[in-house]
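Just below is one structure, and these are the notes that go with it.
Every read-out reported here was derived from the displayed coordinates using simple, explicitly stated rules and does not represent laboratory data. Because the structure is a prediction, the values reported are computed rather than measured. Here Cβ is always computed from backbone atoms with ideal geometry, including for glycine, and neighbour counts include all displayed protein chains.
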Amino acid sequence: MSSKYVCQRCLASLWRLNASQSSFRPELSRRWLSTSHRIPPQPPRRAASTIGQQQDYNGLGIPQYATASGLEYQEASTQDQSRLLLRPGNLFHPFSKSPSADIRRRAAFIKQHAYCPHPSHRQTRIVIAPDDLESRKPTTGGLPPAHVKFECPDCGIPVSCSEEHWADDYEAHLEICDILREINTDDHDLRSGRFFTEFEYPGMQMDEQLINMTNWDTFLFTREFRAINDKRSLRQATKLLTYPVTIGSILHELSPYNIRKGGRLTTEGLKSFSALRYSLHPPKTGAGKDVAGIRLSPPPVRIFCLGARAESSLPREVWIQLAYMFPRVTFHLILIGQCHLF
């Protein structure tokens, strides 16, 4: 039996057995040593706390000797779990004390550039909306602008220049505190080291299977995504899919945006989209792979994305989902602004 099908511990036991019986059966010992089944010298035994740290792992992350005993499987699974930076029940941390170095750098960036929203400070920018918190500040007089330093204990994000200003303006902060706490836990979840099954996207689907874009649940179900039962995982998946699905839901012929009440589309807008939707859903022309089935393909539909900041950093697999929604046309996506190659 070849040594590659026997675990190292069994081979070591055979080696000790043959060594002890060599005085009684010398021919067996000579026959074993003369073959190619020589056993390499065994390394010194390590302590129980260090076993598994120096093992030779295969492509599945399981030690090579794991086929011999269930104990080694348990040690391998413990090793995989030890690679996790954060556990599912330990995702909330203040940004400045986060286990992730990326989030600690973000906290330093916020403290360097963000200003305290307390109304006793002067304005630092032009007010862009009536409900903007900057509109509460006076244009002249008052305290000079101050950068944020104090982290809210409820959301863990720097929001005020001092604890006194945070407590005095706590009622206004409560409007966004829950959302900031979700952002905190979601960002730590992305850096926790777990395997994200919600980022496994489906491919092309049949023409007979229609897409329902009423809400995220119906869209993910009709596009044959994996079932997502956790709200945090649903937020992680939809955070990336929002960009291509928003474009596709407006341009698609089964779009929920129409001229009905609450459809968010005017009559003139429907006229403009009618020609575009006809181009995006061309009739089947009977094209084939042979010479007789050659047909002219329409030019790609160009989509211009202005101010592409988050859009430019999306993985290619996310934008391909837009092409799967329109299988008979091609797209030319043009990102204008702060773009990066993806």
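Tabulated values for the structure
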item	result
Cα gyration tensor shape for the range 246-342, rounded if a/c is under 1.5, else prolate or oblate	oblate
Alpha-carbon centroids, the range 206-242 and the range 243-266: separation in whole Å	16 Å
R0 of 22 Å, Cβ-Cβ distance Arg309-His113: FRET efficiency to nearest 0.05	0.90
Lysines whose Cα lies under 21 Å from that of Lys97, excluding same-chain neighbours fewer than 8 positions away	Lys111, Lys149
Extension gain from Lys231 to Arg105, taking 0.36 nm per residue of separation minus the Cα-Cα distance	42.7 nm
Under 5 Å, built H, 5+ apart or other chain: amide partners of Leu265	Asn258
Three-way shape call for the range 80-220 based on the alpha-carbon gyration tensor, with the a/c threshold at 1.5	oblate
Gain on full stretching of the segment that runs from Ala292 to Thr214 - 0.36 nm per residue minus C-alpha separation	24.0 nm
Estimated inter-spin distance, Glu175 and Ser255, nm [label 7 Å along Cα→Cβ]	3.1 nm
Reachable lysines, given that their alpha-carbon falls under 20 Å from the alpha-carbon of Lys271 and they are not under 8 places away in the same chain	Lys261
Prolate/oblate/rounded call for the range 214-301, Cα gyration tensor, a/c under 1.5 rounded	oblate
Neighbourhood net charge (15 Å Cβ-Cβ; Lys/Arg +1, Asp/Glu -1) for Ile259	+3
Distance between the range 275-342 and the range 142-172 - C-alpha centres, whole angstrom	46 Å
